[in-house]
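Let me begin by presenting the structure, written as structure tokens, before commenting on it.
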Amino acid sequence: MVILEARNVSMVYNSSRGPVEALRDVSLEVREGEFVCIVGPSGCGKTTLLRILSGLLRPTSGLVLWKGEPLREPKPEMGFVFQKANLMPWRDALGNVLLPLEVRGINGSEALEKAFSLLKSMGLEGFLHTYPRELSGGMEQKVALARALVYDPDILFLDEPFSSLDALTRERLNVELAGLWRNRCKTVVMVTHNLQEAIFLADRVMVMSPRPGTLKAQFIIPFPHPRDLSLTFTPEFAALARAVREAIEY
Ligand SMILES: Nc1ncnc2c1ncn2[C@@H]1O[C@H](COP(=O)(O)OP(=O)(O)OP(=O)(O)O)[C@@H](O)[C@H]1O
Ligand SMILES: [Mg+2]
């Protein structure tokens, strides 16, 4: 079932230097349970597209449909993780994960249990009462991921959530993200410019052209789940990575 659809979406920003055409006529469909990655050169409009798909930004023209209905603002059943974790500095890790539940009026032991089990599944049970300034970058992103997952969103929008991390931490978090996605059957739309990451995680990789961003190619990733990091060393993986790279560059 198609859960999210963009139809002929275009976006022109009005900047101080005049109009900036960020997206041109983008159409795509995301099916329920699918993991879709969007890749493309820097500045091609990936973040713009993600913000439009999630209702954070209205396109200049075109339409976004969420569960068949026109999308006008972000829905409560959507979760977000951005490049920077944006945790509340005055709340500890547990407090940050509890926040979305509090906003929804969910308190007490039910909320605590949910937040705790997520932090535990990410190996953070020893850091429940640690404040963001005392967490490593990877831990902060994990807390942000837990915060996005704690209210069981139907879809997760990820904008380069691990791009500020070192390669090894990033690989480990990708494996954890893949596990969370499988266990919780979420739909994920993720922006990244790391092709390895995209191919390792996604069912489908969509390639954008330089600005104004259009969708210029799409790759179905055939590797079965669960995937192991050793996959990334296989010739099949390398061949696909090369094909995606060529699609971006030509
Ligand atoms: N609020 C804004 N006002 C004016 N122009 C904007 C605004 N936001 C983005 N742009 C422009 O739109 C284009 C696309 O930006 P966007 O952030 O979507 O690209 P991106 O693919 O996410 O880039 P990166 O890979 O660097 O994150 C850029 O030229 C950018 O300068
Ligand atoms: Mg961006």
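Numbers for the structure displayed
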| quantity | calculated |
| --- | --- |
| Counted residues, the range 41-69 - those being open to solvent by 30 Å² or more (accessible area, probe 1.4 Å), more than 11 Å from ligand 1 (Cβ to nearest atom), farther than 10 Å from L23 by Cα and not small (G, A, S) | 5 |
| Some residue of the range 222-230 being open to solvent by less than 80 Å² (accessible area, probe 1.4 Å), modelled with pLDDT under 95, closer than 16 Å to R31 by Cα and not acidic (D, E) | no |
| Answer residue from the range 1-17, given it is of a type in the set (G, A, S) and modelled with pLDDT under 95 and is least open to solvent (accessible area, probe 1.4 Å) among those | S15 |
| For V9: the one exception among (1) under 25 Å from E249 (Cβ atoms); (2) in contact (Cβ under 8 Å) with a residue 60 or more places away in the chain | (2) |
| Filter result for K84 (in a loop (DSSP other than H, G, I, E, B), among the basic types (K, R) and within 16 Å of ligand 2 (Cβ to nearest atom)) | yes |
| Qualifying helices (runs of 4 or more DSSP H) (wholly inside the range 127-221; at least 2 residues being farther than 24 Å from A241 by Cβ and among the acidic types (D, E)) | none |
| Boolean, S109 is over 23 Å from D25 (Cβ atoms), more than 16 Å from ligand 1 (Cβ to nearest atom), open to solvent by 70 Å² or more (accessible area, probe 1.4 Å) and out of contact with any helix residue (DSSP H, G or I) (no Cβ under 7 Å at 6 or more places or on another chain) | yes |
| Every pair of residues 6+ apart whose Cβ atoms lie under 9 Å, when the first sits in the range 35-59 and is free of Cβ contacts under 8 Å to residues at least 60 places away in the same chain while the second is within 7 Å of ligand 1 (Cβ to nearest atom) | L57/T48; P59/T48 |
| Matching residues in the range 91-125 - criterion: being modelled with pLDDT of 90 or more, within 15 Å of R147 (Cβ to Cβ) and assigned to a loop (DSSP other than H, G, I, E, B) | R91, D92, I106, L124 |
| All positions within the range 11-40 that are within 16 Å of the chain's Cα centre (by Cα), part of a strand (DSSP E or B) and within 12 Å of ligand 1 (Cβ to nearest atom) | I38, V39 |
| Members of the range 179-200 found to be buried (at least 19 other Cβ atoms within 10 Å of the Cβ), modelled with pLDDT of 90 or more and touching a strand residue (DSSP E or B) at 6+ places or on another chain (Cβ under 9 Å), listed by number | T187, V188, V189, M190, V191, T192, L195, E197, A198, I199 |
| Residue count for the range 131-160, restricted to those that are among the hydrophobic types (A, V, I, L, M, F, W, C) and touching a residue at least 60 places away in the same chain (Cβ under 8 Å) | 8 |
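A quick yes/no check of all residues on (1) more than 16 Å from ligand 1 (Cβ to nearest atom); (2) open to solvent by 60 Å² or more (accessible area, probe 1.4 Å); (3) in contact with a Pro (Cβ under 9 Å, 6 or more places away or on another chain):
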{"site": "F80", "(1), (2), (3)": "no, no, yes"}
{"site": "A85", "(1), (2), (3)": "yes, no, yes"}
{"site": "D92", "(1), (2), (3)": "yes, no, yes"}
{"site": "S121", "(1), (2), (3)": "yes, yes, no"}
{"site": "G137", "(1), (2), (3)": "yes, no, no"}
{"site": "A146", "(1), (2), (3)": "yes, no, no"}
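The values are calculated or read from the model by the stated rules, or taken from the named source; none is laboratory data. None of these values were measured; they are calculated from a predicted model. Every residue, glycine as well, gets a Cβ built from its backbone with ideal geometry; the counts of neighbours run over all protein chains shown. Protein only, heavy atoms only, side chains kept; ligands, DNA and RNA dropped before computing areas. Shrake-Rupley method; radii C 1.70, N 1.55, O 1.52, S 1.80 Å.
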